[in-house]
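Comments concern the structure below.
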Amino acid sequence: MTISYGFLSTYPPTQCGLATFTASLLRALTTSAPGDRAGVVRVVDSPTYLDRPEVIAQLALHSQASEEPAAAALDRHDVVIVQHEYGIYGGADGVDLLPLLRRLRSPVIVVLHTVLGRPSTHQKLVLEQVVALAGAAVVMTEAARTLLLAEYDVAPDKITVIPHGTPEGRPPRRLEPSDRPVILTWGLLGPGKGIEWAISGLRAVRHLVPRPQYVIAGRTHPKVLTEQGEAYRLKLYARVRALGLAGLVTFERAYLEQDRLDRLVERADVVLLPYDSPDQATSGVLVEALAAYKPVIATTFPHAVETLSSGAGVLVPHRDGPAIGAALKRVLTEPGLAAGMYGEAKRIARHSGWPVVAQRYRSLAAMLLSRMPVPL
């Protein structure tokens with residue numbers, strides 16, 4: 001049995017985590033099962049030139065005219081996979097997604113990238129309706145499943161946990177005595193990333209020999225740039241100067257293509273995720289760091305707590321510079337700690353590679369198709 005998949009999501013060249021996730025899942029699904037195929041309805045701010053053969057239509061925000069052709073394009077596939085984040089669809093809390101879902105006749109798998117622990121009444125209502133209109137909903141951690149069932153009125157039998165896929169691991173960089181340790185944070189920049197607390201934490205390791213280098217890689221999030229300009233980045237620059245850390249911090253302002261990002265991750269000795277939000281259900285950066293077998297220091301957001309508690313990383317409180325500094329010092333100086341974290345990261349990555357994850361999605365799709373009524 002072959003299966004065709006219609007994806008609704010942002011998609012490259014759009015530069016965001018959902019776009020990267022969708023491209024990786026599409027590639028894994030269509031390469032792991034001969035004959036399976038996929039098409040993408042790309043979510044865009046305004047219509048653009050279709051420059052990729054797999055992109056078959058576009059859903060333009062705030063344009064009802066694009067809704068019907070987008071739904072028709074998706075319905076030409078056996079199963080529709082919808083990536084859900086409140087911020088990528090039009091209307092308050094992405095409510096404009098609902099009319100499109102109601103148009104679909106193919107079974108729908110919705111992938112929930114954010115499950116808020118303290119949603120507003122409207123956010124709760126929107127997510128409940130999204131799940132109600134889908135045949136199945138995927139979350140990426142048991143913590144997200146528990147939260148979804150506790151805080152939202154959804155059918156438990158619709159919820160499936162499938163981890164975020166990981167790319168093939170790369171050999172770790174071996175830290176030599178003369179090397180300058182590299183601490184890395186990457187991703188789109190904006191308030192909530194917690195990088196100001198990471199910068200404060202560097203004071204605990206600035207006297208190490210050799211002195212570490214903290215690389216902050218990524219451009220400012222386009223929506224943040226539109227609404228606030230570079231205010232957050234300028235705030236970070238000011239904090240670096242005020243703390244006398246100019247020699248320790250490097251900003252890479254461009255959005256990194258995958259090859260360049262891979263090289264940067266390979267250089268890193270520690271990946272730091274200082275995010276402010278306690279509600280972050282998934283983190284693509286965390287997944288990629290573990291796929292590269294890198295020691296991770298992260299705040300206690302749900303994905304990190306569930307993934308790192310077995311020893312692949314160190315958890316620190318939110319908005320706590322001294323705790324981040326203490327964790328950095330441990331990982332960079334404590335004998336055997338980084339090596340143990342490397343081993344556990346390797347074990348985790350082995351069980352969540354994209355081919356394994358794609359097979360889980362394929363099985364879920366086949367199950368939904370088996371429930372469809374047989375045409376007369």
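The values are calculated or read from the model by the stated rules, or taken from the named source; none is laboratory data. Quantities reported herein were computed from a predicted structural model and do not represent experimental measurements. Ideal geometry is used to build each Cβ from the backbone, glycine not excepted, and the neighbour counts take in all protein chains shown. The area values use the complete protein model at the heavy-atom level, side chains included, leaving out ligands, DNA and RNA. Shrake-Rupley method; radii C 1.70, N 1.55, O 1.52, S 1.80 Å.
For the stretch 3-76, state which trypsin sites (Lys or Arg not before Pro) are in a DSSP loop and have at most 14 other beta carbons lying within 10 Å of their beta carbon. Counting only loop positions with at most 14 other Cβ atoms within 10 Å, the trypsin sites (Lys or Arg not before Pro) in the stretch 3-76 are Arg76. At an R0 of 30 angstrom, the distance between the Cβ atoms of Ala72 and Arg27 translates into a FRET efficiency of 0.75.
Ordering Leu149, Ser63, Gln258 by Cα displacement along the dipole of the chain toward the positive end leaves Gln258 in first place; charges were set at the Cβ atoms of Lys, Arg (+1) and Asp, Glu (-1). The stretch between Arg350 and Leu50 holds 104.5 nm of extra length on full extension. This uses 0.36 nm per residue minus the Cα-Cα distance. Think of the stretch 1-157 as a dipole: +1 on every Lys or Arg Cβ, -1 on every Asp or Glu Cβ, centred on the Cα centre; then among Pro34, Val79, Leu101, Pro34 lies furthest on the positive end.
Remark: spin-label model distance Arg102-Met372 equals 2.3 nm, labels positioned 7 Å along the Cα→Cβ axis. Considering only Tyr89, Ile216, Met367, the residue lying farthest towards the positive end of the dipole of the chain is Ile216, judged by Cα position with unit charges set on Cβ. Loop sites by DSSP among the GluC sites (Glu not before Pro) of the chain, restricted to those with at most 14 other Cβ atoms within 10 angstrom, leave 1-167 as the longest stretch without any of them.
Taking the Cα centre of the chain as origin and assigning +1 to Lys and Arg Cβ atoms and -1 to Asp and Glu Cβ atoms, the resulting dipole is close to 920 debye.
Here the sum of -39500 (n - 2.57) over DSSP H runs of 4 or more residues, divided by the residues of the chain, equals -12000 deg cm²/dmol at 222 nm, to the nearest 500. Per-atom-type breakdown for the chain gives carbon and sulfur 55% of the accessible area (1.4 Å probe, protein chains only). Separation of the stretch 7-75 from the stretch 263-318 is 28 Å, based on Cα centroids.
Counting only heavy atoms of protein chains, what accessible area per residue, in Å², does the chain have with a probe of 1.4 Å? Working shown, then result.
Numbers: 16420 Å² over 376 residues.
Ligands and nucleic acids excluded, the result is 44 Å² per residue.
About its Cα centre, what dipole magnitude does the stretch 181-324 give when the only charges are +1 on Lys and Arg Cβ and -1 on Asp and Glu Cβ, stated in debye to the nearest 20? Display every interim value, and only then the final one.
Numbers: 16 positive and 14 negative charges, 124 e Å.
Roughly 600 debye, rounded to the nearest 20.
Taking each residue as 0.36 nm, the span from Leu264 to His318 lengthens on full extension beyond its C-alpha to C-alpha distance by 16.9 nm.
Can you compute the charge dipole magnitude of the stretch 310-376 about its Cα centre, using +1 on each Lys and Arg Cβ and -1 on each Asp and Glu Cβ, nothing else charged? Give it in debye, rounded to the nearest 20.
Numbers: 9 positive and 3 negative charges, 48 e Å.
In total the dipole reaches around 240 debye.
In terms of its C-alpha gyration tensor, the stretch 258-353 has a rounded overall shape, because the principal axis ratio a/c (a ≥ b ≥ c, square roots of the eigenvalues) stays below 1.5. Under 5 Å between amide hydrogens, built in the peptide plane, is the criterion, and for Ala217 it picks out Thr185, Trp186, Gly187, Glu252 among residues at least 5 positions away or on other chains. Using the Cβ-Cβ distance between Ser363 and Arg37 with R0 set to 25 Å, the FRET efficiency works out to roughly 0.90.
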